[in-house]
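Contents: one structure, followed by commentary.
No value in this document is a laboratory result; all are computed from the given coordinates. Since this is a predicted model, take the numbers as computed values, not measurements. For neighbour counting, all protein chains shown are included, and Cβ atoms are generated from backbone atoms with ideal geometry for every residue, glycine included.
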Amino acid sequence: MPIRNVAHRLTPDQIQKNMADIAPAMSVEDATAEASRCLFCFDAPCTRACPTHINVPEFIKRLATRNIVGAARTILDANILGASCARACPTEVLCEGACVYNLEKAPPIQIGRLQRYATDPIVMTGKQVLPLAPDNGKRVSVVGAGPGGLAASAELRRLGYKVTCYDAQDKPGGLNTFGIAPYKMTNEEALLEAEYIRKMGVEFVLKARVGTDVPLSQLEAQSDAIVLAVGLGGTSKLGLSGEELDGVCGATEFIEEVRRDPTRVVLGRRIIVVGAGNTSIDAATEAKRLGAETVTIVYRRSEKEKGCYDYEYNLAKKDGVVFHWLVNPVRVVGVAGAVSALECIRMRLGPPDASGRPAPEPIAGSEFALPCDMLIKSTGQEKRVGFFKAISGVDVKGGRVVVNEGYRTGNPKYFAVGDCVNGGKEVVNAAAEAKKAAAAIHRALFGPAAIPVPQPGPRLAKPAVHPPMPF
Amino acid sequence: MVDLTSNLAGIKSPNPFWLASAPPTNSAYQVMKAFDLGWGGAVWKTIGEPIVNVSSRYSSVNYKNFRMMGLNNIELITDRPLEENLHELREVKRYYPDRALIASLMVESTREAWHTVVKQVEDCGVDGLELNFGCPHGMSERGMGAAVGQVPEYTCQIVEWVKQVARTPVIVKLTPNISNITYPAMAAQGAGCDAISLINTINSITGIDLDTFEPRPKVRGKSSHGGYCGPAVKPIALNLLATLTTNPKFNRPVSGIGGIENWQDAVEFLLLGATNVQVCTAVMHYGFRIIDELTAGLTAWMEQKGFRTLDDFRGKSVPRIVDWGDLDLNYKIIAKIDPKKCIGCQLCYIACEDGAHQSIALNPDPNVRVPVVLNDVCVGCNLCSLVCPVDGCITMTEVDNKKPQTSWRQWQAKLAASKGAAVAAPAHGSHNAP
């Protein structure tokens, strides 16, 4: 990709330093002290806030008594992707955001880091801590080895299924391997987590695109159920002229390039990222940490409507990323086939649109050009509508696969989880959906009582009211 | 202007904070350093026949993020030659004449041995003697320490021997490893001691290594019960102190010992009638420098309360310790949760529901995490307010039930009067024993 002004490439050492873990592993003292701080809330808000409802106080109490295997078991039993969620979760809006300490104006328990402390020694070493049900004779195919596919495969394996998981990529993990900022999770960690699930007995078939390399008919013939966890497609087009110029790329593609080998990424000196979602932030901070001189985010709405979490926003600001609010691109400008500037127009907020947010409207005559050497598009990902059309009965609405509460599609053999269902959420959402889908498959194939629900035993009435004094 | 000077049976010190007889008072080097930093007095590490100590001597109990909540030791009395100790006592007294210097003593139970050692240390100019009848490990196996303190007759005998020759005040240090502290205390008083100090350490095994099965502290794979001290033992010490100070027949000053780490702890001992306090574990944890915090905190509190001398508040809480049978059965409090302070941990709910009296319910609105006290069934036990992590969120508020103050004893009396069936109040009050 010829770029007009190539940024000075940092040394591998410097890159490694810039991409170092932003939430490093805890020491035993730190973890034990932090775990001891947990209040052990009843019906804990952190557990409620977690889409997979990890029993957070329980795992933390186990850490406080140095029962690390027990802590990992609590986490992985609820969420088999506990190790990657410990890194990738937006904890400040989930468990840590719900921590009651926030209401006491005290720092919340560092649940994410404690979860990593608990799961790393298990997941990264392949130590199996969850019991597997004996082979139940049924077979499930899972399409996609990203977070949703990995979690579904593992949960089904735990229930005794023979599971084959297909992925078009050369490595498993999906966005965990190719789509998360390296300072949150390394390739090695993402792959070790997938390896953990392989060791549970899940068979992976990689470099195999279902629908082309592997026909759906084959999957249908060999499976009692099929789970679609295909995620989303490539970065959406902006629909602007000049978009095909050299130096213009999509955020997910850019991040994948960084994930594959950050030392080989060719960067422009001045970079513009279009969009202000969490993926935009990842792309922007990665570009900055790899040596881009300036990284500017342009977003057509205001700061208030931005899609990224505050934590991500602050991370980008700390990295020196510049934000241009209420600015919409209108045309990509190039010189000799390579991008040289982004022509923009200023916007103002009007009455609310369909999303309920004030609709941005262009201000006539406010056009201006922002010079750049590289343009990263980050306004969302395309939906894999074509793929779903090939499966009879599977409905797609607004780009999302339609499923019931058990994540079953209109075709009873097919279940679907993850980004292709929820439109693009967190790893933890995919894990939660996968767990529900696995349970639904189990009930569908083995009857409603296949997953027993514990029932309370008998109770006598509470004692009578404390007797009053006789005088 | 606050005056912190203290006077225990004639032994004066510029403040009520003494170092207890223990490793921090093992040498002149340590005691002189402590005096420079402001300690009011020091009770020398117990002097007696030379002994040999074991290696690995202390072990502790940690509680969550707090290290050494309780400390255990199997160290014996001084292992330094008598002549060295005597020389150093003399030097310390020479350089620090205004501080209280007490010799702690433990020798074999013969009149000659006690007479000899008393004369030897008094010749060095010490301000008083503390007879160690409390050490619960090692020395007790040789008929000394707690072996004396646990038998009132022995206590009486040795105090009598000491008093035959002592020219300075005699303090008797008692062991808590006894079912009723009143007996040895009254024996010591009867034999003419000038003061009591309590408590010595409590028999303990602090824990076991779960990998090797060795109890701690480990001495070549084995251990022995040791003496427990530190913050964990303070409530036990306060109770034993109150057992003596609430007894009308007991009339000796008490030097309070047991888990004193800060000025609040010291004030509590004084409020229950101690004349001064002795500190050890806190110094073993943080060093002599804590004396600043102790004196500054005590001074500030006295200024705030308008007390000029220690005597102004000493013993103020003693009359408030009574037998259970004299507590008002008609006093009624119930819990009140401040929804503005509540952070929604719901610990009060589960503690009451599972651990107490099922008097707190979850909020009927599932979106509100502030639990609800069931006023009709709340027995006022305090548990919810104890587990609540927010200061002042749960308060126990009095309910005026329009009933007259009535204790169990009064109730029994009324029953007896009304029905003619006398129900005698058993005379089980611990402090009434001898």
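What the table shows:
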item: Value of Rg/Rh across the protein assembly as shown [Cα atoms, Kirkwood radius]; result: 1.11
item: Charge dipole magnitude, Cβ of K and R +1, D and E -1 - the stretch A:384-471, Cα centre, debye nearest 20; result: 100
item: Kirkwood-based Rg to Rh ratio, chain A, C-alpha trace; result: 1.02
item: For B:ARG289, B:ARG220, order by how many other beta-carbon atoms lie within 10 Å, fewest first; result: B:ARG220, B:ARG289
item: The stretch B:43-62 and the stretch B:239-267: distance between their alpha carbon centers, rounded to Å; result: 25
item: More than 19 angstrom apart: percent of Cα pairs within the stretch B:331-398; result: 20
item: B:THR299, A:THR379 arranged by Cβ crowding within 10 Å, fewest neighbours leading; result: B:THR299, A:THR379
item: Candidates per chymotrypsin sites (Phe, Trp or Tyr not before Pro) in the stretch B:188-252, loop by DSSP, up to 15 other Cβ within 10 Å; result: B:PHE213
item: Partner lysines for A:LYS389 [C-alpha distance under 28 Å; skip if fewer than 8 residues away on the same chain]; result: A:LYS138, A:LYS162, A:LYS171, A:LYS207, A:LYS237, A:LYS377, A:LYS397, A:LYS413, A:LYS425, A:LYS435, A:LYS436
item: Relative contact order %, the stretch B:298-400, counting alpha carbon pairs below 8 Å whose residues are six or more apart; result: 32
item: Loop trypsin sites (Lys or Arg not before Pro), the stretch A:171-213, which have at most 16 other Cβ atoms in a 10 Å radius of their Cβ (DSSP); result: A:LYS207, A:ARG209
item: Those lysines that a straight Cα-Cα span of less than 21 Å connects to B:LYS414, excepting residues fewer than 8 apart in one chain; result: B:LYS332, B:LYS402, B:LYS403
item: Fewest-first sequence of B:THR78, B:THR182, B:THR116 by Cβ atoms within 10 Å of each Cβ; result: B:THR116, B:THR182, B:THR78
item: Relative contact order computed over chain B (Cα-Cα under 8 Å; 6+ residues apart), in percent; result: 14
item: Under-5 Å amide H pairs with A:MET347, H placed in peptide plane, nonlocal only; result: A:VAL327, A:ASN328, A:ILE363
item: Simple label model, 7 Å out from Cα along Cβ direction - B:ASP3 to A:GLN222, nm; result: 9.7
item: Relative frequency of Cα-Cα separations exceeding 37 Å in chain B, percent; result: 34
item: Antiparallel DSSP beta bridges within the protein assembly as shown, as percent of all bridges there, nearest 5; result: 45
item: Axial C-alpha extent at least 27 Å, average Kyte-Doolittle at least 0.0 - helices from chain A (DSSP); result: A:427-446
item: Relative contact order (percent, whole number), chain A, Cα cutoff 8 Å, 6+ residue spacing; result: 17
item: Label-to-label distance, nm, for residues given as B:ASP98 and B:GLU214 (7 Å Cα→Cβ offset); result: 4.9
item: Between the stretch B:79-106 and the stretch A:316-363, the Cα center-to-center distance that results, in Å; result: 83
item: Contour excess over end-to-end distance, with Cα ends at A:VAL266 and A:LYS17 and 0.36 nm allotted per residue; result: 87.8 nm
item: Separation of alpha-carbon centers, the stretch A:155-169 and the stretch A:408-463, rounded to whole Å; result: 16
item: Within the stretch A:260-377: Cβ-based charge dipole about Cα centre, in debye rounded to nearest 20 (Lys, Arg +1; Asp, Glu -1); result: 60
item: Three-way shape label, the stretch A:255-345, alpha-carbon gyration tensor, a/c 1.5; result: oblate
item: Label point distance in nm, B:ARG320-B:SER55, each placed 7 Å from Cα along Cα→Cβ; result: 5.1
item: 18 Å Cα-Cα reach of B:LYS12 towards lysines, excluding residues that sit fewer than 8 places from it in its own chain; result: B:LYS93
